[in-house]
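Asks: Handing you a structure now.
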Amino acid sequence: MANSHYVPHMPHNIVVHPVDHCVVESLMSLVGKVVILETTRGRLDGCVVAVKHDHVVLEERNRKFFVRIAEIVWIMPD
């Protein structure tokens, strides 16, 4: 006997963070330079070593930080 209580599959909520191309381009122009980043979690400073479409890699004292671009509030070249 078929199930008479069919419940349609409920869609999952998907959070989408748009890519800010202006921020990505600005960060790309700063590769090799020391910057200060203010993020939603605090301030970081270091040398920009790589920029991807969704994150930036900072290096400070041989430690690497991978920072999501969506979390950056402002950028200041040092």
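Asks: With a sphere of radius 15 Å drawn around the Cβ of A70, what net charge do the other residues whose Cβ falls strictly inside it have (Lys, Arg +1; Asp, Glu -1)?
Replies: Details: positive: R41, K52, R68; negative: D20, E38, D54, E71.
The answer is -1.
Asks: Over segment 27-78, give the accessible area per residue in Å² for a 1.4 Å probe, as an integer. Could you put the intermediate results ahead of the total?
Replies: Values: 3390 Å² over 52 residues.
Spelled out: the 1.4 Å probe surface of segment 27-78, per residue, equals 65 Å².
Asks: When you count, for each residue, the other Cβ atoms within 10 Å and take the mean per peptide, how do 22-28, 46-52 rank with the highest first? Could you put the intermediate results ahead of the total?
Replies: Numbers: 22-28: 14.6, 46-52: 16.3.
Highest mean packing first, the order is 46-52, 22-28.
The values are calculated or read from the model by the stated rules, or taken from the named source; none is laboratory data. None of these values were measured; they are calculated from a predicted model. A quick note on method: Cβ atoms are made from the backbone with ideal geometry, for glycine too, and the neighbour counts reach across all protein chains shown. The protein model used for the area step is the full one, side chains on, heavy atoms only, and it has no ligands, DNA or RNA in it. Shrake-Rupley method; radii C 1.70, N 1.55, O 1.52, S 1.80 Å.
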